[in-house]
C-alpha cells in the first residue's frame, strides 16, 4: 500500500537521481503501446465470440423443423398426421405448421417477393420447440418414417451446437491471449528494467553509499517504468479503439466478421488495459529492482 | 564509534586483514597508511559496512555489522561521511544536487543558505550549478568532502582524498579535515602520503596506523 502511495506521490528530486535512459524508455513505451493495441483486438475478438456463442446458444433453445414433401392432395393429411404425432411425442413442447406467408418470407431473399408459392410444389414446414428434457431425435425420425413417410426432421440444433462450442472456445482463446499479452508485457518490462538497473549500477552504488534505503532506489525505478507502461498502454489502447470503431458495423449479411467490436458498456472494458499494464510494470520492475539490490551492499 | 575486534577479511585469494583490533574514539583523528593493496580501502569498507568481516566483529555505533538489516546499513551510512579518491558523483546532476544527495535520499530538504555556507567553506561557492565532469580534481575532492559532511555525520572516512590533487590542494583538504576534527568529528584518513601525515601532526593530535603483514599497528616516530 505504501509502495502504491509513494508511486502516486511525485518526488521530483527522487526522480532526478536516476538519469533518464532513452533506449529503455522508448522500449517500454513501444512495448506497452503494442501490447495494449493487440490486447484491445483480443478483447474485441473475445467479446464478439461471446456474443456469437450467446446468439447461437439461444438459437439452440430447442427448435427444429420438419419438412413434409407429399402430393398436393395428401399434403394437409400428412401435416395433420405429423402434428398429431408431435402432440404425443415426449419432449416436444409445441409444434405448428408455417403458413404460406411465412414460407414466402423465408424464400424471399433468394427468389424475390413475387414468388407464386401456391403454384409451386413446395414442401410444408412444421416448426417444433423442444421441451426440457428434450425429445429423442432418432425415435422421432423412426415414428415419422412409419406414420408420415414424406416428413423429414431437420434437427438444426445438432449442427449449431458445435458452432456454439467453437465460438465459446474462441472467446476463451481471446481471454488467454490477453493473459499471454500481459505476461509478455511483464517479461519485456522486466528485461528493460534489468537493462536500466544494470546501466545504472554506479548510480545505485552511490545512492547506497550516501544512505539511500532500498525502497527509495526501487521507487525511483518503479515509478518511472510504471508511468511509461501506463502511457504506452494508453496510447496503444486509444489507437486500437479507434481502429475497432472504424470497422464496418455489424449486420445480418456480414455476420461474425463485421460484428468484431464493442457494444454499449463493452467500450469501457479496453480502458482497463492501461491500468493493468501499469500494475504489471509496477510488479515486474519492483521484483527486478529488489533482486538487483540484493546483490549490492 | 567504530570498533574492530579480532577482525579478519578474506577476499578468497588469501587473507588481506588479520587479527585487527582497533577502536576509533569519538573526536579522534587517525591516519591509516600502508603500501598499495595492503588493505586500507578494505578497512574503510569494513568501517561503513560495505563489507562484512570473514572473522571477528565490527561494531559501528554499538551495533554489530552482521546484525544490521539493509535499512540499518543505510541509516548507519547517514552518520558516516565517506570521501572516496574517485569521489563517486552522479555526473548528470549539478554539483549542488550532488552535495545535497544525502539529504535528498533521506527525504530532507536542504536550506539554501546552509548549502551556500557549506560550498563557501570548501571554496566552491561559485560552482553549485557546475556538473562534476567539468570540475578539477581538487574541486571534486572538496565537493566530496562537502557531501560527506552535509548530514552532520559523527565519523568521516576518507580514502586517499589527496591522491589526485597537488600539494597545495592536499594541504587545503587537510585543513578542512582538521577543522572538522576540532568541531568534534571523528576522522580516519587512509593515505600513503607520508608528507601529508607529517604536516598534519603539526596541526592536530593524530594517531598514525600502519597496515603491515595484514595487521594494523601503531606507527612509530619513523614517519
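The values are calculated or read from the model by the stated rules, or taken from the named source; none is laboratory data. No experiment lies behind these values; they were computed from the predicted model shown. For neighbour counting, all protein chains shown are included, and Cβ atoms are generated from backbone atoms with ideal geometry for every residue, glycine included.
Within segment A:204-251, can you find the residues that are under 21 Å from residue B:89 (Cβ atoms) and modelled with pLDDT of 90 or more?
A:204, A:205, A:206, A:207, A:208, A:209, A:210, A:211, A:212, A:213, A:216, A:217
Suppose we filter segment B:66-89 for residues that are more than 18 Å from residue A:293 (Cα to Cα), more than 13 Å from the chain's Cα centre (by Cα) and surrounded by fewer than 22 Cβ atoms within 10 Å (Cβ to Cβ); how many remain?
Qualifying residue count, segment B:66-89: 1.
Given (1) touching a residue at least 24 places away in the same chain (Cβ under 8 Å); (2) assigned to a strand (DSSP E or B); (3) closer than 25 Å to residue B:182 by Cα, identify the lone condition not met by residue B:8.
Tallying (1) touching a residue at least 24 places away in the same chain (Cβ under 8 Å); (2) assigned to a strand (DSSP E or B); (3) closer than 25 Å to residue B:182 by Cα, residue B:8 fails exactly one: (3).
Checking residue B:114 against (1) assigned to a loop (DSSP other than H, G, I, E, B); (2) away from chain A (no Cβ under 14 Å); (3) surrounded by fewer than 17 Cβ atoms within 10 Å (Cβ to Cβ), only one condition comes out false. Which one?
Unmet condition: (1).
Take residue B:158 and decide whether it is surrounded by fewer than 21 Cβ atoms within 10 Å (Cβ to Cβ) and within 18 Å of the chain's Cα centre (by Cα).
no
Can you confirm whether segment B:121-129 contains a residue that is under 22 Å from residue B:30 (Cβ atoms), away from chain A (no Cβ under 14 Å) and surrounded by fewer than 19 Cβ atoms within 10 Å (Cβ to Cβ)?
no
State the number of residues belonging to segment A:17-39 that are within 11 Å of chain B (Cβ to nearest Cβ), surrounded by fewer than 20 Cβ atoms within 10 Å (Cβ to Cβ) and at pLDDT 80 or above.
1
Across segment B:54-70, what is the number of residues that are within 13 Å of chain A (Cβ to nearest Cβ), touching a helix residue (DSSP H, G or I) at 6+ places or on another chain (Cβ under 8 Å) and in a loop (DSSP other than H, G, I, E, B)?
Matching residues across segment B:54-70 total 1.
Would you confirm, using the coordinates I've provided, whether residue A:229 is away from chain B (no Cβ under 14 Å) and surrounded by fewer than 18 Cβ atoms within 10 Å (Cβ to Cβ)?
It is false that residue A:229 is away from chain B (no Cβ under 14 Å) and surrounded by fewer than 18 Cβ atoms within 10 Å (Cβ to Cβ).
From the list A:93, A:42, A:53, A:64, pick out the single residue that is surrounded by 15 or more Cβ atoms within 10 Å (Cβ to Cβ) and not in a helix (DSSP H, G or I).
A:64
Quick check on segment A:202-218: of everything there that is more than 17 Å from residue A:286 (Cβ to Cβ) and without any contact (Cβ under 8 Å) to a residue 40 or more places away in the chain, which residue is farthest from the other protein chains (Cβ to nearest Cβ)?
Restricting to residues being more than 17 Å from residue A:286 (Cβ to Cβ) and without any contact (Cβ under 8 Å) to a residue 40 or more places away in the chain, the top hit is A:202.
Give the number of residues within segment A:252-294 that are farther than 24 Å from residue A:234 by Cα, surrounded by fewer than 18 Cβ atoms within 10 Å (Cβ to Cβ) and either modelled with pLDDT of 80 or more or not assigned by TED's automatic domain parsing to the domain that holds residue A:51 (or both).
Qualifying residue count for the region: 3.
Mind listing whichever residues of segment B:1-16 are closer than 18 Å to residue B:60 by Cα and surrounded by 14 or more Cβ atoms within 10 Å (Cβ to Cβ)?
Those that are closer than 18 Å to residue B:60 by Cα and surrounded by 14 or more Cβ atoms within 10 Å (Cβ to Cβ): B:1, B:2, B:3, B:4, B:5, B:7, B:8, B:9.
Can you name the condition, by its number, that residue B:134 falls short on among (1) surrounded by fewer than 19 Cβ atoms within 10 Å (Cβ to Cβ); (2) without any contact (Cβ under 8 Å) to a residue 12 or more places away in the chain; (3) within 9 Å of chain A (Cβ to nearest Cβ); (4) more than 19 Å from the chain's Cα centre (by Cα)?
In the conditions (1) surrounded by fewer than 19 Cβ atoms within 10 Å (Cβ to Cβ); (2) without any contact (Cβ under 8 Å) to a residue 12 or more places away in the chain; (3) within 9 Å of chain A (Cβ to nearest Cβ); (4) more than 19 Å from the chain's Cα centre (by Cα), residue B:134 misses (3) alone.
Could you check how many residues of segment B:90-103 are in contact (Cβ under 8 Å) with a residue 40 or more places away in the chain and within 7 Å of chain A (Cβ to nearest Cβ)?
The qualifying residues number 3.
Just for segment B:134-162: of the residues that are part of a helix (DSSP H, G or I) and more than 17 Å from residue B:118 (Cα to Cα), which one is modelled with the highest pLDDT?
B:134
Looking for whichever is touching a helix residue (DSSP H, G or I) at 6+ places or on another chain (Cβ under 7 Å), surrounded by fewer than 17 Cβ atoms within 10 Å (Cβ to Cβ) and away from chain B (no Cβ under 14 Å) here; the options are A:180, A:153, A:163. Which one fits?
A:163
Those residues that are outside any strand (DSSP E or B) and more than 10 Å from every other protein chain (Cβ to nearest Cβ), I need them from segment B:73-85; list them, please.
B:85 - this is the single residue of segment B:73-85 that is outside any strand (DSSP E or B) and more than 10 Å from every other protein chain (Cβ to nearest Cβ).
Among the numbered conditions (1) under 21 Å from residue B:1 (Cα atoms); (2) modelled with pLDDT under 90, tell me where residue B:186 comes up short.
Unmet condition: (2).
Consider residue B:78 carefully, then state whether it is in contact with a helix residue (DSSP H, G or I) (Cβ under 9 Å, 6 or more places away or on another chain), closer than 26 Å to residue A:217 by Cα and touching a residue at least 40 places away in the same chain (Cβ under 8 Å).
Answer is yes for this residue.
What single numbered condition from (1) surrounded by fewer than 19 Cβ atoms within 10 Å (Cβ to Cβ); (2) touching a residue at least 40 places away in the same chain (Cβ under 8 Å); (3) within 14 Å of chain A (Cβ to nearest Cβ) fails to hold for residue B:45?
(2)
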